[in-house]
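The values are calculated or read from the model by the stated rules, or taken from the named source; none is laboratory data. Given the structure is predicted, the values throughout are model-derived calculations rather than measurements. All Cβ positions, glycine included, derive from the backbone under ideal geometry; neighbour counts span all protein chains shown.
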Amino acid sequence: MDLLFFGIAKDIVGTSQLDMDFGEDSPNSVAELKQALKKRYPEFSKLTSLAIAVNSEYASDDVQLKSNDEVAIIPPVSGG
Amino acid sequence: MDLLFFGIAKDIVGTSQLDMDFGEDSPNSVAELKQALKKRYPEFSKLTSLAIAVNSEYASDDVQLKSNDEVAIIPPVSGG
Amino acid sequence: MNKIIEIVQDLDTNKVYQELSHPSSGGICVFVGSVREFTNNEQVMALEFETYETMALKEMDKLADTALEKWKLNKVVIKHAVGKKEVQDAVVIVGASSAHRSECFEACRFLIDTLKETVPIWKKELFKNKSVWVSAHP
Amino acid sequence: MNKIIEIVQDLDTNKVYQELSHPSSGGICVFVGSVREFTNNEQVMALEFETYETMALKEMDKLADTALEKWKLNKVVIKHAVGKKEVQDAVVIVGASSAHRSECFEACRFLIDTLKETVPIWKKELFKNKSVWVSAHP
């Protein structure tokens, strides 16, 4: 699964883009993706919040992930 | 009594500066000046408000006028 | 100097950010008042501003001091134009800068609201066939 | 066009008045966020901004639309800088213009408050001996 990482998420994973192989745990929904990320990188659990964007829109936990979606990991924003 | 007029007050009196002779009615206080002006120029009574500045500060009705004061007639302000 | 007070013929809106900028300020709020084309559906040709300058500068200075007392501000700017102004011309600029944004927003709103109430400046609206001193009559 | 949305390397604060000016606007309110020298008494060397640009532009566009629906505005500007910014540099500019001043003040405050909550931009504070992603941790 191709993922984009920004801000502290990029630091946690060590790269801004990664084709992550979750093996049998491959997540089907936003909720499952968050869980899989937190399992693999415990640092994600320590963040103030963690959001997922699908095709550059905030996606709620129940959104299903399709193979050609652009999926981005959005740690707490701090613009302005 | 030397007076400065601004905005609509200037239009009412027809000049921006006038040494006005009130004769026996010569006003001693701000309140008396307002009254004397309204008597001579009834248009002053129709304004939303009428303030007097003495030496470029707003002066309340009880302020006494001295001969060398700079006295200005302040119709409703409308800056901004 | 933490306050800039001016009455000028023409306002330069470009300078204000630099004037309000400060190493301790994370927020700068600026309000610019400009000439609107229509008042109550009547077309305004121009506005004409007149002031009692010595008193207006004193009142603007008091206004800046009051804002500096009420809020923790690093800089305050109050500038007003006089003379004839056409549609879209800037007639007043007020602004404040502060560490955090709440202070500069509140101060900026206070500056323009209070300026309109206390500073001896008068505005005449020039319409096609008449002219009116704003707020003069109820 | 009644909205201007941009993510740029360097912000030009001089253009914003012209961009917000409109013949039907009597009021223009602008907020500029800039780099402060100290955060909790620690000296900030610089800020580094990063964005998910396609999404950030979409969110900024939604934000402008929401403001245009909520208030009667003639123009809205939302601009954010990215890259490394030094003390006193402008990092964000939001502004609105409207017939009367209440609308542009309220809209301007809404724009900056909501931008900080929704737009995917991340700020890293660079101190002498460490760097911190702002708001990342509770």
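For the range C:94-134: of the residues being touching a strand residue (DSSP E or B) at 6+ places or on another chain (Cβ under 8 Å) and in a loop (DSSP other than H, G, I, E, B), which is modelled with the lowest pLDDT? Among residues in the range C:94-134 that are touching a strand residue (DSSP E or B) at 6+ places or on another chain (Cβ under 8 Å) and in a loop (DSSP other than H, G, I, E, B), the one modelled with the lowest pLDDT is C:LYS128. For the range C:43-59, the set of residues classified as of a type in the set (Val, Ile, Thr) and in contact with a strand residue (DSSP E or B) (Cβ under 6 Å, 6 or more places away or on another chain) consists of C:VAL44, C:THR51, listed by residue number. Sort out which residues of the range D:2-18 are crowded, with 19+ Cβ neighbours inside 10 Å and not hydrophobic (A, V, I, L, M, F, W, C), and write them in order of number. Residues satisfying the conditions are D:THR13, D:TYR17.
Take the residues in the range C:113-138 that are of a type in the set (D, E, K, R) and closer than 24 Å to D:PHE105 by Cβ; name whichever of them is surrounded by the most Cβ atoms within 10 Å (Cβ to Cβ).
Among them, the one singled out is C:LYS123.
Across the range D:1-46, the number of residues qualifying as in contact (Cβ under 8 Å) with a residue 24 or more places away in the chain, farther than 16 Å from D:ALA67 by Cβ and part of a loop (DSSP other than H, G, I, E, B) comes to 12. Taking the criterion of being of a type in the set (S, T, N, Q) and in contact (Cβ under 8 Å) with a residue 40 or more places away in the chain, the residues of the range D:104-132 that qualify are D:THR114, D:THR118, D:SER131.
Looking across the range C:75-84, the residues that are surrounded by 21 or more Cβ atoms within 10 Å (Cβ to Cβ) and either within 14 Å of the chain's Cα centre (by Cα) or among the aromatic types (Phe, Trp, Tyr) (or both) come down to C:VAL76, C:VAL77, C:ILE78, C:LYS79, C:HIS80, C:ALA81. Name every residue in the range B:40-58 that is under 12 Å from the mean Cα position of the chain (by Cα) and assigned to a strand (DSSP E or B), in order of residue number. Those that are under 12 Å from the mean Cα position of the chain (by Cα) and assigned to a strand (DSSP E or B): B:ALA51, B:ILE52, B:ALA53, B:VAL54, B:TYR58. The residue list B:LEU18, B:LEU33, B:LEU37 contains one member that is in a strand (DSSP E or B) and either among the hydrophobic types (A, V, I, L, M, F, W, C) or more than 8 Å from every other protein chain (Cβ to nearest Cβ) (or both), which is B:LEU18. Among (1) surrounded by fewer than 18 Cβ atoms within 10 Å (Cβ to Cβ); (2) of a type outside the set (Ser, Thr, Tyr); (3) in a loop (DSSP other than H, G, I, E, B), where does A:ASP11 come up short? That leaves (3) as the condition not met. Please work out if D:ALA96 is surrounded by 19 or more Cβ atoms within 10 Å (Cβ to Cβ), touching a helix residue (DSSP H, G or I) at 6+ places or on another chain (Cβ under 6 Å) and free of Cβ contacts under 8 Å to residues at least 60 places away in the same chain. Taking the combined requirement at face value, the residue does not satisfy it.
Would it be correct to say that C:PHE31 is hydrophobic (A, V, I, L, M, F, W, C) and facing another protein chain (nearest Cβ under 10 Å)?
yes
Here is a yes/no grid of residues against (1) in a loop (DSSP other than H, G, I, E, B); (2) away from chain B (no Cβ under 11 Å); (3) crowded, with 18+ Cβ neighbours inside 10 Å:
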| position | (1), (2), (3) |
| --- | --- |
| C:GLU48 | no, no, no |
| C:MET55 | no, no, yes |
| C:GLU59 | no, no, yes |
| C:ASP65 | no, yes, no |
| C:LYS72 | yes, yes, no |
| C:VAL87 | yes, yes, yes |
| C:VAL92 | no, no, yes |
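Residues in the range D:1-37 that are hydrophobic (A, V, I, L, M, F, W, C) and at pLDDT below 95: D:MET1 alone.
Within the option set D:PHE127, D:PHE105, being of a type in the set (A, V, I, L, M, F, W, C), more than 20 Å from A:LYS46 (Cα to Cα), more than 20 Å from the chain's Cα centre (by Cα) and more than 7 Å from chain A (Cβ to nearest Cβ) holds for one residue only, D:PHE127. Taken together, the criteria place A:LEU37 among residues that are surrounded by 14 or more Cβ atoms within 10 Å (Cβ to Cβ), under 10 Å from the mean Cα position of the chain (by Cα) and hydrophobic (A, V, I, L, M, F, W, C).
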